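The values are calculated or read from the model by the stated rules, or taken from the named source; none is laboratory data. Just so we're clear, the structure is a prediction, and the values are computed from it rather than from any experiment. All Cβ positions, glycine included, derive from the backbone under ideal geometry; neighbour counts span all protein chains shown.
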Ligand code: G6P
C-alpha cells in the first residue's frame, strides 16, 4: 500500500469512517451530503486534520489529496473485499444482528477474516497519519476492531469510537461467533459512544459477559445522541426556491387535504411495509379518504447487491401496487413511490410539502429524518408519527409515539396525527424543534470530543431511557 507513503504523519486530529466525506462526480469530487460531514469537516479543517475512508470505487489506488481544506486519505478496497467486508460482514452480519435480527445473519468465517483484514488496513493508515498524542475518532460498526488495533501500535494517542447504529441486547449479541474480539476491539478506545442509554447499557453487559481482559482501564461508555445541522435545514426551509418546490409538489399531487410522507433508505429496518399496510387499512376502514389523502414514499436506493434489500424492494413495490390498484382512480394516484435519492433542497421541500411524517422503524440508531422534519417545520405545524424503536423517540417526546409491530396502534397513531388540531400541532412541532436546536450536531461533536480529552468532565446527557 505505497500510496500511504505520502501521508503527512503530523495530523493531530483524525476521523476514520467507512466512507470519505466526498462523492465522485465524473472527474472531480464533491462534498457528500449529511450532518456528519457538516459537523466534522470544520474540525478537521481547523485542526489541519485528516479524514480516512473508502472512496466508493474498486481496485484503485488514489493517493491522499486535499479537498475543501481537509486532507483526505483513501483506504482502498477491492471488489472482492467490498463483497466480503462491506456487503458481507458489515451489512450481512453486523447490520441485521445490531437491528434485532429482522433478517438472519450469515456467520461466514471468510467474511470475518475480511473484516479483520480491512479493520487492520484502516488502523495502519491511521497510525501512519497520526502525530504524537493525536486524537483519533473512529466511526461506526464497520470499524469496531480498529480502536484496539491502534492502541497496540500507538499508546500515545487518544481514541474515540462512536457507534451510529444500535448496540443489541447481550442475548442477541451473544450469537456472534467473534463477540469477544468485537468487544475487545472496541475496548481499545478511551471513549465509546452510543446513541441511546439503552445501547450503552447493552454494551456494558456485553463487556461484563464476554471481555477477557478485565484489568485494562475501563473506557468511558456513554450515550451521545447524534443530531443534525439545524442551521442548514432552517436556511433551506426559509428559502423561496424550496417553498416554491414544496407548493409544486402538493399541486402535482392534486392538492390533497392530507399528505403523508415516508422518506428512508430502502432498508428492512425502516418498517416501510408496516406503514403501507396501516395506510391501506385506514383507507379500507374509511378513516382516511382516498379522494383527499396521499402517501408519498421516497425510498433511497441502498445496498442493492444484498438479497434482503432486493426482496424488500419487491415487497414494497407489491404493496404500493396493491393500494393503488384498490383505491386509485383514473387521474388520481394514492401512493406515490419513488426509488431514487433527492437533493438536500428537494428533501427539505418534501418536509415542507407534507402534513404528516411517518417514521415506523423496527429498529433505528437515531433517525435523523425525524429531527430534520421538525426543524424544517419549526413554525409551520405538522405531525410526526415516530417509532419507539428509533433513538429519536428518547428526545422527541411530543411526537405520536407508536409500536410499528402493532398494526392497530400504528393505524391509530397515523390517524391521530392526521387529525391533530392545528394549534396543538404547532405547539408540538415547535417544542420538538427547540429540543433539536439546543442539541444540534455541533453540540454532539463538541460533547464527544470534550469527553475524549484527558480527564475532561462530561456535559449533560440527552435522552431519558
Ligand atoms: C447508516 C450507517 C452509516 C451508513 C449509512 C448508509 O446510517 O450508520 O454508517 O453510512 O447507513 O449506508 P451505506 O451502506 O450506503 O454507507
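Overview of results
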{"item": "Hits in the stretch 120-140 (condition: within 16 Å of the ligand (Cβ to nearest atom) and buried (at least 23 other Cβ atoms within 10 Å of the Cβ))", "result": "122, 137, 138"}
{"item": "Hits in the stretch 50-71 - residues which are within 16 Å of the ligand (Cβ to nearest atom) and either assigned to a strand (DSSP E or B) or out of contact with any strand residue (DSSP E or B) (no Cβ under 9 Å at 6 or more places or on another chain) (or both)", "result": "51, 52, 53, 54, 58"}
{"item": "Among the residues listed as 350, 319, the single one being more than 19 Å from residue 404 (Cα to Cα), in contact with a helix residue (DSSP H, G or I) (Cβ under 9 Å, 6 or more places away or on another chain) and modelled with pLDDT of 95 or more", "result": "350"}
{"item": "Single condition residue 164 does not satisfy, out of (1) surrounded by fewer than 19 Cβ atoms within 10 Å (Cβ to Cβ); (2) away from the ligand (no atom under 16 Å from the Cβ)", "result": "(2)"}
{"item": "Residue that is surrounded by the fewest Cβ atoms within 10 Å (Cβ to Cβ), among those in the stretch 347-372 that are over 15 Å from the mean Cα position of the chain (by Cα) and within 28 Å of residue 99 (Cβ to Cβ)", "result": "347"}
{"item": "In the stretch 391-436, the residues that are within 20 Å of residue 271 (Cα to Cα), assigned to a loop (DSSP other than H, G, I, E, B) and touching a strand residue (DSSP E or B) at 6+ places or on another chain (Cβ under 8 Å)", "result": "396, 399, 403, 404"}
{"item": "Residues that are within 16 Å of the ligand (Cβ to nearest atom) and surrounded by fewer than 22 Cβ atoms within 10 Å (Cβ to Cβ), drawn from the stretch 12-36", "result": "18, 19, 23, 24, 31, 32, 33, 34"}
{"item": "Pick from the stretch 438-447, criterion assigned to a helix (DSSP H, G or I) and surrounded by 17 or more Cβ atoms within 10 Å (Cβ to Cβ), ranking: farthest from the chain's Cα centre (by Cα)", "result": "447"}
{"item": "Residue among 215, 199 that alone is out of contact with any strand residue (DSSP E or B) (no Cβ under 6 Å at 6 or more places or on another chain), assigned to a helix (DSSP H, G or I) and either within 16 Å of the ligand (Cβ to nearest atom) or modelled with pLDDT under 95 (or both)", "result": "199"}
{"item": "Filter result for residue 296 (closer than 16 Å to residue 410 by Cα and modelled with pLDDT of 95 or more)", "result": "no"}
{"item": "When residues of the stretch 221-240 are limited to those that are free of Cβ contacts under 8 Å to residues at least 12 places away in the same chain and assigned to a helix (DSSP H, G or I), the one farthest from residue 452 (Cα to Cα)", "result": "240"}
{"item": "Residues located in the stretch 365-385, provided they are more than 26 Å from residue 323 (Cα to Cα), in contact (Cβ under 8 Å) with a residue 40 or more places away in the chain and either away from the ligand (no atom under 16 Å from the Cβ) or not in a helix (DSSP H, G or I) (or both)", "result": "365, 366, 374, 375, 376, 377, 378, 379, 380, 381"}
{"item": "Matching entry among 310, 336 (being within 16 Å of the ligand (Cβ to nearest atom) and either in a strand (DSSP E or B) or free of Cβ contacts under 8 Å to residues at least 40 places away in the same chain (or both))", "result": "310"}
{"item": "Residue check, residue 408 surrounded by fewer than 17 Cβ atoms within 10 Å (Cβ to Cβ) and at pLDDT 95 or above", "result": "yes"}
{"item": "Residues (part of a loop (DSSP other than H, G, I, E, B) and either under 16 Å from residue 417 (Cα atoms) or within 16 Å of the ligand (Cβ to nearest atom) (or both)) located in the stretch 241-285", "result": "256, 257, 266, 267, 271"}
{"item": "Residue 295 vs. criteria buried (at least 22 other Cβ atoms within 10 Å of the Cβ), more than 20 Å from the chain's Cα centre (by Cα), away from the ligand (no atom under 16 Å from the Cβ) and under 16 Å from residue 405 (Cα atoms)", "result": "no"}
